[in-house]
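Asker: This is the structure, below, for whatever I ask next.
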Amino acid sequence: METGYMIVNLLGCVLIITSTLVVLSRKLKQAAYTYAIQSLVIVAMFLTLAVTCGSTDLYLWSGSAFITKVVLVPAIMLYAIKKIGPKADEEIPSKLGPIGCVILVVIELVVCYLAVMNVTLPTAAEAHPALAIALAHFFIGLTCIVSQRNILKQVFGYCLMENGSHVTLALLAPSAPGLVETGIATDAIFAVIIMVIVAYKIYKKNDSLDAGELMNLKG
Amino acid sequence: MDLSVLLIVLLVSPLIATLIMAALPAKSVGRPVYEGLHILSIVVVFCLAVYLVFKQFTTGQNIMAAAEWFRMDALASIFIALIGVIGFLVGLFSVPYIRHDVEVGNMDNGQVKTYYAFFSLFLFTMLLAASSNNIIMMWICIEATTLSTVFLVGVYQTKLALEAAWKYVIVCTAGVAFGLYGTLLFYANAASVLADSTKAAFWSEILPYASQLDPTVVAIAFTFCVIGFGTKAGLFPMHTWLPDAHSEAPSPVSALLSGVLLKVAVLVIIRFYVLTIGCIGQLFPSIMLTTIGILSVVVAAFSVYYQNDLKRKLAYHSCENIGIVALCLGFGGPLGIAAALLHSVFHGLTKALLFCISGNVLMKYGTRDLRKVTGVIKAAPATGTIMAMAFFALAGFPPFAMFNSEITAFMAGWSAHQYVVIVIFAIALTVVVCACAHVVSASVLGEPPEHMEKKDVPWSALVPEIILACLILWFGCALPQPILTGVDNATSIVLQQDVDPADTGSLLSGIANAVQGK
């Protein structure tokens, strides 16, 4: 059991690295592939937890996470990037530089670790580091939305937030029914599809994916 | 027919309408078909919602459906009634409004189809959210309300409408993700306490075990829920999507967003508030909600005053009034909870009326700029009269409904010994009164623009507005007994104790008791 949670905590560290890379990716395609890799790490976490806790539901989760997070979300994003064409590869400078982003991620990690240390739930006892990482992951997603000017990149921010919630659920309630997980994952897929449709319509209207140009409504 | 079956029919009927409309090809099917299906959908929702709510209020029995997944208790009933009534009246107003948009070239048949299909989908998602007993389902439904309304906000497909739609979808999905995190923390916490963890997602199952939940987790989870669902409710500082979405959406959509959707998000906050006070007591949620509430009221009050765009002004009013609801919840006690619930209902009706009126102004003047909207009462007498009345109602003047809930809010604050807060609240409301009086004096009165024809909007647009105006006047003078009983029962659910009907059964007696320190 201890080995299982050690692997989960280690995978959590990989998770933080991949999510930081999603935020720092200069090209959208890079971000999509990095997101797919990160989702693969989440699937590995779910499988490790399934073996460690003996939860059959978690096997189902890892299957649905593979379909939705590793395949569907990156596929939707790559399709949108292809449809937009060369403009999608145009670099839009983010509001926060790479060093600023990394510093923020470290701060978020420390704060989340301190917050999670007080949680005394039995399921959290051995997974405090992973739990802190899951919470930090959520805030890294928020950082991505706030710091990025490319509106498709902001969609990745939402996906990171959703992934953070998902990992927290798996850590704290490994025996949660598959229906709960499926409902959340399905809703997230719809959210991504709708955000991508709106982003594409904005691109067609503005000929740009820059959120800085969406500043006409004020006051 | 069994009430459980009727509840399922109520939930499913707008979804069926949406699916039928979505399946019909916009190129060959004309507008009247979509209008017919839309009217059928809102009539069914109205009749079933009113019937079920009446049954619930008069018998006091919870209506359950699909095992424990849907639960219509007194608390849910108040919001389902709001969805049914406002959805129906605003839905009726939609017909002449959309016809006008088609006439002036703002919409084509494809957009009409989008509008009516998503209107019913919006009702469906709100009804699901209000009646859900499963906390994760509640989150899914609140998220679904964003997804179903984003195309309504951006239906005009203009640059500004798409900008508003993007801000709406990104702020609300990111905000509601906080709600997801909070919900999952509540769920995981309950799963570790309940013997049968499959029941841990059901609000009614968690409630008896609330005191056994982990206090740290509950405090973190409630904070996440307030941020998450508070974003959707339009509480400061997460309210930034609200003025953009409300101003760019078609007026009936703004009416539904402001009148109903914000309140449904408040209902979800109330559900988690009940669990939180059951675990860690009143102090933490009270401080949080009072702080957010008073900040929302103050910031929005000044924004209301300085705003010249009619719909943006109304949007900030929504932020201010949701702040009042949060403030009342923060005050707590039977009066505070009753005031929060009554204010949700009264503000919902009043704001739905005002957004419909803003639709009349747009149809007549073609602008939302209040500096260009003058002499409404001369140019369109019926619209002008209702507009003046609605702004006085929004300012909290008697004999309109919001006077009752606002005075109850003050009494709740007094009972909770929050004297500084109620003084700040009173100052903010004075600013709001000035803003409302200014709209009446500068836009309703005065001289209309030259060459403007003296002609009102069609009667089909005025009738739903007259009904809404009558409702806020009626509820301001004498609230019907079934509604009072419903509010009593809902207050009891929130406080998890029997509330003596003598205290809140008659608001005036409740207020009198509070003043006398009983």
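Every number in this text was worked out from the coordinates using simple rules, so none of it is lab data. Because the structure is a prediction, the values reported are computed rather than measured. Positions of Cβ are generated from backbone atoms using ideal geometry, with glycine treated the same way; all protein chains shown enter the neighbour counts.
Asker: Of everything in segment A:95-131 that's of a type in the set (Gly, Ala, Ser) and in contact (Cβ under 8 Å) with a residue 60 or more places away in the chain, which residue is farthest from residue A:212 (Cα to Cα)?
Answerer: A:127
Asker: Let me ask something else. Name the pairs whose Cβ atoms lie under 7 Å apart, with the first residue in segment B:373-392 and on the phi > 0 side of the Ramachandran plot, the second among the acidic types (Asp, Glu), and 6 or more positions between them or separate chains?
Answerer: B:375/B:447
Asker: Related question: Give segment A:2-26 a look and list any residue that's of a type outside the set (Gly, Ala, Ser), touching a Leu at 6+ places or on another chain (Cβ under 8 Å) and over 22 Å from residue A:148 (Cβ atoms), or say none.
Answerer: If the condition is that a residue be of a type outside the set (Gly, Ala, Ser), touching a Leu at 6+ places or on another chain (Cβ under 8 Å) and over 22 Å from residue A:148 (Cβ atoms), then A:8 is the only one that fits.
Asker: Here is a follow-up. When you scan segment B:116-141, how many residues do you find that are farther than 21 Å from residue B:67 by Cα and either aliphatic (A, V, I, L, M) or at the interface with chain A (Cβ under 9 Å from one of its Cβ atoms) (or both)?
Answerer: Residues in segment B:116-141 being farther than 21 Å from residue B:67 by Cα and either aliphatic (A, V, I, L, M) or at the interface with chain A (Cβ under 9 Å from one of its Cβ atoms) (or both): 3 in total.
Asker: Something else now. In segment B:396-429, what count of residues is obtained for those that are surrounded by fewer than 19 Cβ atoms within 10 Å (Cβ to Cβ) and outside any helix (DSSP H, G or I)?
Answerer: 4
Asker: Based on this model, can you work out whether residue B:155 counts as at negative phi and not in a helix (DSSP H, G or I)?
Answerer: Considered against the rule, which asks whether it is at negative phi and not in a helix (DSSP H, G or I), residue B:155 comes out as yes.
Results for (1) within 10 Å of another protein chain (Cβ to nearest Cβ); (2) crowded, with 24+ Cβ neighbours inside 10 Å, shown as yes or no for each residue.
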| residue | (1), (2) |
| --- | --- |
| B:114 | no, no |
| B:150 | yes, yes |
| B:157 | yes, no |
| B:199 | no, no |
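Asker: Return the residues of segment A:149-173 that are in a helix (DSSP H, G or I) and basic (Lys, Arg); say none if nothing qualifies.
Answerer: A:153
Asker: Also, quick follow-up: If the Cβ limit is 8 Å and pairs must be 6+ apart or interchain, which residue in segment B:7-22 that is buried (at least 24 other Cβ atoms within 10 Å of the Cβ) pairs with which residue that is charged (D, E, K, R)?
Answerer: B:21/B:113
Asker: Applying the selection to segment A:48-98, what residues are within 14 Å of residue A:200 (Cα to Cα), among the β-branched types (Val, Ile, Thr) and exposed (fewer than 13 other Cβ atoms within 10 Å of the Cβ)?
Answerer: none
Asker: Another question, if that's okay. All but one of (1) surrounded by fewer than 22 Cβ atoms within 10 Å (Cβ to Cβ); (2) more than 7 Å from every other protein chain (Cβ to nearest Cβ); (3) not β-branched (Val, Ile, Thr) hold for residue A:188; state the number of the condition that does not hold.
Answerer: (1)
Asker: Specify the residue that is nearest to residue B:240 (Cα to Cα); the eligible residues are those in segment B:162-186 that are among the small types (Gly, Ala, Ser) and facing chain A (nearest Cβ under 9 Å).
Answerer: Ranking the candidates gives B:164 first.
Asker: Return yes or no: is residue A:92 outside any helix (DSSP H, G or I) and of a type in the set (Val, Ile, Thr)?
Answerer: Spelling it out, residue A:92 is indeed outside any helix (DSSP H, G or I) and of a type in the set (Val, Ile, Thr).
Asker: Scan segment B:99-111 and tell me whether some residue there is over 15 Å from the mean Cα position of the chain (by Cα) and within 14 Å of another protein chain (Cβ to nearest Cβ).
Answerer: Scanning segment B:99-111 turns up at least one residue that is over 15 Å from the mean Cα position of the chain (by Cα) and within 14 Å of another protein chain (Cβ to nearest Cβ).
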